[in-house]
Amino acid sequence: MKETEILLQGAEALKKRIRRRPRVAVVLGSGLGGVGEDAEIKVPYAEIPGLKASTVSGHKGCFALKKYGSGDVLFMMGRVHYYEGLSAAEAVRPIRLMRLLGAEKLILTNVSGAINRDFEVGDPVMISGQITSLVPSPLRGENVAELGTRFPDMSEVYSERILSAAPGIFKDAGIEYRQGVYLQAPGPQYETPEEIRMFSLWGADMVGMSTGIEAIAAKHAGMEIAGVSLISNFAAGITDKKLSHEEVRQAAQRGFDKFAYVVERLIDEI
C-alpha cells in the first residue's frame, strides 16, 4: 500500500475516534506525558491502521485530546522512534495524521543531552534550528502531495514568530532563557565523546534521538513549529558521568513543572 493510502486510512480511523478538529498538536517526549494526562479522549496508536505502539519506557503511546480555552489540542503522549526499527516515514506518521485532522501548529518536545556547557540539567531550552544529516529523510520515496510539495524549503523550520514570544514566557516562569540547535542522532546507543566533539564543531547545542524528522514532516505539511527540549544530562565526554535512560527519566521528572508551564504558555501563545 502506498504511503498516501496508509495515511488517509489512518486519518479516517482517527477522526472517528477524536470527532473534533484540533487547533494545535503537541508531541510529548520521554517522561513528559503528564501534560496530557487529564485529556478527555485517549486513543492508543496501535488501534489506528498504519501506526505501531511505542516500545520505549516513558512513552505511553496514545493520542490524547484536551480542550484549551475555545480550541482543542491533540497530544501525542510519547512517540515512536526511528531506532525502534521503523522507517523514517513510519516514525512520522502520527505527525502527518494530526495534520490531516486539521492541526496547523505543532509543538515538539523531547529530553536531550547538552553539548553546550552553558545549559543546565533540568531546564527547558527552545529549539531554534536542527541538524538531521545522520538520519534518513521521512520524505524519501513517493511524495505525499496531499500534504506538501516534493522539495520543501527548510530555511525556517522553527517559527521565528513563536521564538520571539518565548523569552517572555521563560521570564514569567523564572527560567533563564536559552535556545539552541538540536541534532538528531540515529540511536539507540548514546553518542561517543568523539561524536559529541564533532557535533559541537557542526554547531549543535544538544543531541537526542527524535524530533528532527518529525519537524521535517511537519514543515513539509505546512505546519508552524515550535520546539522545546528539556536538558536531562550532559552529553558523553562533557562530564565524566556515565549515561543511562533512567537518568533521563529522573531528570524529566525533576524539570517537569517548568517544562509544563512553558508548553502550556506556548499553546496559549500560538
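With respect to residue 11, is the statement that it is in a helix (DSSP H, G or I), crowded, with 17+ Cβ neighbours inside 10 Å and at pLDDT 95 or above true? Criteria met by residue 11. Of everything in region 169-210 that's of a type in the set (Gly, Ala, Ser) and in contact with a Lys or Arg (Cβ under 8 Å, 6 or more places away or on another chain), which residue is nearest to residue 266 (Cα to Cα)? For region 169-210, the residue satisfying everything is 173.
Hey, any hits in region 100-119 for a residue that's over 17 Å from the mean Cα position of the chain (by Cα), without any contact (Cβ under 8 Å) to a residue 12 or more places away in the chain and within 27 Å of residue 222 (Cβ to Cβ)? No: region 100-119 contains no residue that is over 17 Å from the mean Cα position of the chain (by Cα), without any contact (Cβ under 8 Å) to a residue 12 or more places away in the chain and within 27 Å of residue 222 (Cβ to Cβ). Considering (1) touching a residue at least 60 places away in the same chain (Cβ under 8 Å); (2) assigned to a helix (DSSP H, G or I); (3) of a type in the set (Ser, Thr, Tyr), the lone condition that residue 210 does not fulfil carries the number (2). Residues of region 114-123 that are modelled with pLDDT of 95 or more and under 17 Å from residue 29 (Cα atoms): 114 alone.
Among the residues of region 129-169, those that are out of contact with any helix residue (DSSP H, G or I) (no Cβ under 7 Å at 6 or more places or on another chain) and either crowded, with 21+ Cβ neighbours inside 10 Å or hydroxyl-bearing (Ser, Thr, Tyr) (or both) comprise 133, 149, 155, 158, 159, 164, 166. Picking from residues in region 192-215 that are charged (D, E, K, R) and crowded, with 21+ Cβ neighbours inside 10 Å, the one that is farthest from residue 89 (Cα to Cα) is 205. Among the residues making up region 170-191, those that are over 29 Å from residue 89 (Cα atoms), out of contact with any helix residue (DSSP H, G or I) (no Cβ under 6 Å at 6 or more places or on another chain) and surrounded by 15 or more Cβ atoms within 10 Å (Cβ to Cβ) are 170, 178.
Scanning region 214-248 for residues that are in a loop (DSSP other than H, G, I, E, B) and under 21 Å from residue 113 (Cβ atoms) returns 235, 237, 238, 240, 241, 242, 243, 244. Restricting attention to region 241-255, report how many residues are closer than 18 Å to residue 178 by Cβ and buried (at least 17 other Cβ atoms within 10 Å of the Cβ). The qualifying residues number 3.
Restricting the first member to region 165-183 and to residues that are of a type in the set (A, V, I, L, M), and the second to residues that are assigned to a loop (DSSP other than H, G, I, E, B) and at pLDDT below 95, the beta-carbon pairs closer than 7 Å and six or more apart or on different chains are 175/123. Within region 247-270, being at pLDDT below 90, touching a Pro at 6+ places or on another chain (Cβ under 8 Å) and of a type outside the set (Gly, Ala, Ser) holds for 258, 259.
The values are calculated or read from the model by the stated rules, or taken from the named source; none is laboratory data. Bear in mind that the values here come from a model prediction, so they are computed numbers and not experimental data. Note that each Cβ is placed from the backbone with ideal geometry, even for glycine, and that neighbours are counted across all protein chains shown.
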